[in-house]
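Enquirer: This is the structure I want to talk about, given as structure tokens.
The values are calculated or read from the model by the stated rules, or taken from the named source; none is laboratory data. Computed from a prediction, not measured in an experiment: that's the story for all the values here. Note: ideal-geometry Cβ built from the backbone for every residue, glycine included; neighbour counts use all protein chains shown.
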Amino acid sequence: MPNPPGADVKLFTRDEAEKTLPLVRVIVRDIVGDYDVFNRKSQELSAITARMAARPTKEDLKVQQELEDEVGALKKRIAEAALELEELGIELKDCQLGLVDYPSKIGDDIGYLCWKFNEDKIAFWHGLSEGYAGRKPLPQ
């Protein structure tokens, strides 16, 4: 679990955060895509597992194993990508939305610069406990 912004955490300026966006866009694009496939494969796995409760066939067992392998590989890729962001000092907040937070000092407040996949630039921030729903436009 990421630490709240403080003495040991890099605080990004808006410019520093925006300079990371080319790389962050690629990482987050992969996370969003993998998360979508992960959800679909997980649903397929749940469905086949439920169906197998009645009378599993060899084909069902084979498909179940393949799905378990795929789901596991996707989960690992998402975790590795999240770790890559964390190593940059960026916190992944939502895999489906592609939402990331950059610890920052905004005016006199410590909070997060907030960026969502497909946004052109970093234009929002929120306080430490506000989250996505509390996003506010950054001062110009």
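Enquirer: Please tell me if residue 48 is buried (at least 17 other Cβ atoms within 10 Å of the Cβ), over 19 Å from the mean Cα position of the chain (by Cα) and β-branched (Val, Ile, Thr).
Expert: yes
Enquirer: So residue 18 clears everything in (1) outside any helix (DSSP H, G or I); (2) within 26 Å of residue 120 (Cβ to Cβ) except one condition, right? Which one?
Expert: (1)
Enquirer: Can you confirm whether residue 90 is at pLDDT below 95 and in contact with a strand residue (DSSP E or B) (Cβ under 8 Å, 6 or more places away or on another chain)?
Expert: no
Enquirer: If you scan region 104-118, which residues turn out to be within 14 Å of residue 129 (Cα to Cα) and of a type outside the set (Phe, Trp, Tyr)?
Expert: 104, 109, 110, 111, 113, 114
Enquirer: Now a separate question. I need every pair where a residue in region 90-118 that is more than 14 Å from residue 79 (Cα to Cα) has its Cβ under 9 Å from the Cβ of a residue that is part of a loop (DSSP other than H, G, I, E, B) and polar (S, T, N, Q), sequence separation at least 6 or different chains.
Expert: Hits for this filter: 103/3; 104/13; 105/13; 113/13.
Enquirer: Same structure, new question: Please pick out the residue among 79, 123 that is surrounded by fewer than 15 Cβ atoms within 10 Å (Cβ to Cβ) and either modelled with pLDDT of 95 or more or of a type in the set (A, V, I, L, M) (or both).
Expert: Answer to the check: 79.
Enquirer: Which pairs turn up if I take residues in region 18-41 that are touching a residue at least 40 places away in the same chain (Cβ under 8 Å) and exposed (fewer than 14 other Cβ atoms within 10 Å of the Cβ) and look for partners that are in a helix (DSSP H, G or I) and aliphatic (A, V, I, L, M) with beta carbon separation below 8 Å, at least 6 apart in sequence or on another chain?
Expert: These pairs meet every condition: 23/88.
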